[in-house]
Amino acid sequence: RKQIVSAIQPTGEPHLGNYLGALKQWVSLQDQHDNCVFGLADNHVFTSKITAKQVRQNTLKQTAVLLSLGLDPDKVILYKHSAVLQHTALAWLLSTAATSGLISKLRMLPQYKEKSQVHDNLGLLTYPVLMSADILLFHGTHIPVGEDQNIHIEFCNSIAQYFNRAYKCEVFQTVSQLLTTSPRVKSLADPSLKMSKSYGKASGVIGMLDTDDQIRKKVKKAVTDSFGPITVDQDERPGVYNLLLLLSAVSDTHFREVCRKYEYRNVVELKNDLSECLVGTVGPVRDRALELLGDIGYVEKVLSVGAEKASEIAEKNLDSIYRTIGLK
Ligand code: TYM
């Protein structure tokens, strides 16, 4: 049986990279599986420099966007990780099974190297252990995430193996990543970087709460090149290539078809069409989310009902893990 588990860090509002790389898939998975577990990974956000109050506000904001994207709290379990204490309890247990091989791996992870230069802490180093616990607590088997999470999914499989070996049991199964057709969305300001809130220019990121005007301005300013009419060349023309990919993803059109349509046309035409397509996709999501944020009681209720459901499973699963290893 497939168990879908995923999460997003409430670092602010979700952006187009989150949407195309992961969230779009969450919405379609809820109709194919009756056991999707989707979390607001608020515990993780504490590894960056932020106040608890901000984390709480971001969590509500992000939940509103998830709901407006069409996630249905009657079909999926939607909750914030901090409300389910078993996440950190399992993370602790896993960490005791991860010995020197995994400790040195943690120090080598690119995300740790980058982020620790800005704000170092122990949580940042052991972040992948907590993420593994987020997945293994629900016996996740299929994880809809973007390509940037490759290393973390690999890490989860390693730590699960270490654990199974340490306790001579088969508690945890192998986990696989579910990718969308656009698993790595690039920044509009620099097509060599992924679209991200935590680094790179803000003008390269389309937020799911951006106004129509902001979207149009960002697309207009998107960095391309001076080679003239459109040709498809990922290495030489990464900016143009990114815009073609985005239009293909947002309009649900095959990439080849988009290329055929725009080849030899002007980049400005591509940008205009992409802008309008994005406004058409993001606009209604933003408007619904803003409406939901006007009724914060409802959003809070969704999260508390979700936390109840998640806690029930998490309690049962952790209990069964404790029994397997002989603690109970
Ligand atoms: P986070 O919050 O950085 O991103 C949420 C999801 O969006 C995807 N994503 C992208 N996909 C394509 N292109 C991009 N430019 C882009 N930027 C982000 C991410 O791959 C992710 O799927 N560690 C996770 C959160 C997490 C988690 C978990 C995920 C915590 N526990 C358990 C799965 C299972 C993270 O930081 O995602």
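Bear in mind these aren't lab numbers, they're just calculated from the coordinates by the rules spelled out. If you're wondering where the values come from, they're calculated on a predicted model, not measured in any experiment. Every residue, glycine as well, gets a Cβ built from its backbone with ideal geometry; the counts of neighbours run over all protein chains shown.
Cα to Cα, under 25 Å, and not fewer than 8 places away if on the same chain: which lysines meet these conditions relative to residue 328?
Counting by Cα, and skipping residues close in sequence, residue 328 has these lysines nearby: 168, 309, 316.
So in the chain, what percent of DSSP beta bridges are antiparallel if you round to the nearest 5?
Rounded to the nearest five, the antiparallel share is 15 percent.
Pull up the cross-link candidates among the lysines for residue 105, meaning alpha carbon to alpha carbon under 20 Å and not fewer than 8 places away within one chain.
Residue 105 reaches 113, 115.
Taking amide H atoms as placed 1.01 Å from N in the peptide plane, list the residues 5 or more away in sequence, or in a different chain, whose amide H sits under 5 Å from that of residue 176.
For residue 176, whose amide H was placed from the backbone, the distant partners under 5 Å are 142, 143.
So what's region 145-229 giving for Rg/Rh, alpha carbon basis, Kirkwood Rh from the mean inverse pair distance?
Result for region 145-229 is an Rg/Rh of 1.21.
Mind sorting 11, 96 by how few other Cβ atoms lie within 10 Å of their own Cβ, fewest first?
96, 11
Aspartates and glutamates near residue 61 by alpha-carbon distance under 17 Å, same-chain residues fewer than 8 away left out - which ones?
13, 42, 72, 210, 287, 291, 295, 300
Report, to the nearest 10°, how far helix 212-221 tilts away from the longest principal axis of the Cα atoms in the chain, using its own Cα long axis and a range of 0 to 90°.
Helix 212-221 sits roughly 70 degrees off the main axis of the chain.
State the percent of C-alpha pairs, over all pairs in region 148-306, separated by a distance greater than 23 angstrom.
Across region 148-306, Cα pairs with separations above 23 Å total 53 percent.
Which one, 326, 262, 146, projects farthest toward the positive side of the charge dipole computed for the chain from Cβ point charges (K/R +1, D/E -1)?
326
Stokes-Einstein diffusion coefficient for the chain at 10 °C in a medium of 1.306 mPa s, Rh from the Kirkwood formula over Cα pairs: what value in µm²/s?
76 µm²/s
Tell me the volume per residue, in Å³, of the convex hull enclosing the alpha carbons of region 16-65.
Given the Cα convex hull of region 16-65, per-residue volume reads 95 Å³.
Along its three principal axes, how long is region 1-139 when you only count alpha carbons? Whole Å, largest extent first please.
42, 35, 26
For region 209-290, how many pairs of lysine residues have a Cα-Cα distance under 12 Å, where the two are 8 or more positions apart or belong to different chains? Kindly include the intermediate steps, with their values, before the conclusion.
Details: 217/271; 218/271; 220/271; 221/271.
Close lysine pairs under the 12 Å cut-off: 4.
Just report the Cα centroid separation between region 21-63 and region 236-250, whole Å.
27 Å
Using the alpha-carbon centroid of each, what span in Å lies between region 271-325 and region 99-136?
A separation of 25 Å, based on Cα centres.
Amide H of residue 121: which non-local residues (sequence gap of 5 or more, or other chain) have their own amide H closer than 5 Å, using H built in the peptide plane?
The answer is none.
Considering the alpha-carbon set of region 209-290 alone, what are its Rg and its Dmax in angstrom?
In order Rg, Dmax, the Cα atoms of region 209-290 give 13.0, 41 Å.
For the residues 165, 56, what sequence is obtained by ranking on other C-beta atoms within 10 Å, fewest first?
165, 56
Could you line up 162, 199, 127 from fewest to most neighbouring Cβ atoms inside 10 Å?
Listed from fewest to most nearby Cβ atoms, that is 199, 162, 127.
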